[in-house]
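A short write-up of the structure that comes next.
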Amino acid sequence: MLYLGYCRHCGAGLLGLRRCGQGHLLVLCDECDALWQTSDLGQPPQFPPQPDLPCPHCGQSLNGPTAHWASLDEVRQAGWNDALIVGPGGCSAASAT
Amino acid sequence: MRPGRRSVGLTLLGFGVLLAWLVVKPMLPTGPVETGQVRPETPNAGPPASVERPDGAAEQAERPVERPIDSAAGALTELPGDVWRSPGGLLYGPGSREGHRLRHVLRHARDDPDRPGEHGVFDGDQAAIVALIDEAYARSEQGAGRVERDGPRSVVTVDLQRRVGYVGGQVGRRQGHPATRHVRLVLEGRNVITAYPLRP
Ligand SMILES: [Zn+2]
Ligand SMILES: [Zn+2]
């Protein structure tokens, strides 16, 4: 899972890059489901309704069968700055590939 | 068939019937069985496990039943919608990438040594973990610990003043898995989003 850092809301989760079934990219804490719509983590998180976690753009569930943790290609396609991303080994995913 | 051969054949047939009776007899019910009545069976109830005591005597004990982790264990009560209520009144329902909050919490029943950062690991099994979470919640309701509120969320951190688990993950591995006394709960009302031991 590619992630941007650690969740300040719960203090334990990794901020993963979650892609909904429609291709919207979001930042989602894998521990507490705190959600950011952009990589600006200075903004307060959102807490989408449980248990479906509807995507704030299209309403599709972020826990649904077509939602998934984004690949580096998907992050790049979405135009996000992949230099911010940390890979599974804890190093920059961009430099790791 | 000649008479001699017929006699041998009948003898063999007699032995066969006797043998079949001896095999089938222990399987037959000893008491009356009412037609159409099915003896109630306990799900997953196998023969009781035999536990060897130190003095060598075998003691009959109930075998721990392997259940799906989102089913009842310990004293959880099932509510509609696959929601399970703990004795302390906390609710575990569907949600998370694991499909159920109880399963999500039980990620902290074991270490994840390759996980970046710290990964809190509870001591004990599912029932013990649910009890620890209840205890932390009860203490926070009595005013202990710290509660941070953020929208619908409460993040509760309570020092249970004894070891409740240890720090795992990559950081825990580097630091020799230090013990933890604190439990953190992330709640929406009484719904458990997640819970884990941590060093605050
Ligand atoms: Zn979080
Ligand atoms: Zn979407």
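The values are calculated or read from the model by the stated rules, or taken from the named source; none is laboratory data. Only a predicted model underlies this, so the values are computations on that prediction, with no experimental measurement involved. Heads up, the Cβs are rebuilt from the backbone with ideal geometry, glycines too, and the neighbour counts pull from every protein chain shown.
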**Asked** Picking from A:L62, A:L17, which residue would you name as being at pLDDT 95 or above, within 16 Å of ligand 2 (Cβ to nearest atom) and in contact with a helix residue (DSSP H, G or I) (Cβ under 7 Å, 6 or more places away or on another chain)?
**Response** A:L17
**Asked** Among the residues of region A:10-20, is any free of Cβ contacts under 8 Å to residues at least 12 places away in the same chain, in contact with a strand residue (DSSP E or B) (Cβ under 9 Å, 6 or more places away or on another chain) and near ligand 1 (Cβ under 8 Å from one of its atoms)?
**Response** yes
**Request:** Hey, can you tell me all the residues within region A:35-54 that are more than 15 Å from ligand 2 (Cβ to nearest atom) and either under 14 Å from the mean Cα position of the chain (by Cα) or assigned to a strand (DSSP E or B) (or both)?
**Result:** A:S39, A:D40, A:L41, A:P45, A:F47
**Asked** Of the residues A:Q46, A:Q50, A:Q37, which is under 29 Å from B:H182 (Cα atoms), of a type outside the set (S, T, Y), surrounded by fewer than 18 Cβ atoms within 10 Å (Cβ to Cβ) and away from ligand 1 (no atom under 13 Å from the Cβ)?
**Response** A:Q50
**Prompt:** For region A:21-32, what are the residues that are touching a Ser or Thr at 6+ places or on another chain (Cβ under 7 Å) and either in contact (Cβ under 8 Å) with a residue 60 or more places away in the chain or within 11 Å of ligand 1 (Cβ to nearest atom) (or both)?
**Reply:** A:V27, A:E31, A:C32
**Message:** Tell me whether region A:33-40 contains one or more residues that are in contact with a helix residue (DSSP H, G or I) (Cβ under 7 Å, 6 or more places away or on another chain), farther than 23 Å from B:G120 by Cβ and of a type outside the set (F, W, Y).
**Reply:** yes
**Message:** Can you say whether A:G5 is small (G, A, S) and assigned to a loop (DSSP other than H, G, I, E, B), as far as the supplied structure shows?
**Reply:** no
**Item:** Selection count where residues are within 16 Å of ligand 2 (Cβ to nearest atom) and either surrounded by 22 or more Cβ atoms within 10 Å (Cβ to Cβ) or within 21 Å of B:V121 (Cα to Cα) (or both), scope region A:20-34
**Value:** 5
**Prompt:** If the Cβ limit is 6 Å and pairs must be 6+ apart or interchain, which residue in region B:170-193 that is at positive phi pairs with which residue that is surrounded by 13 or more Cβ atoms within 10 Å (Cβ to Cβ) and hydroxyl-bearing (S, T, Y)?
**Reply:** B:H177/B:Y166
**Prompt:** Taking strands (runs of 3 or more DSSP E) that fall entirely within region B:97-200, which contain at least 3 residues that are more than 9 Å from every other protein chain (Cβ to nearest Cβ), in contact with a His (Cβ under 7 Å, 6 or more places away or on another chain) and at pLDDT 95 or above?
**Reply:** B:165-168
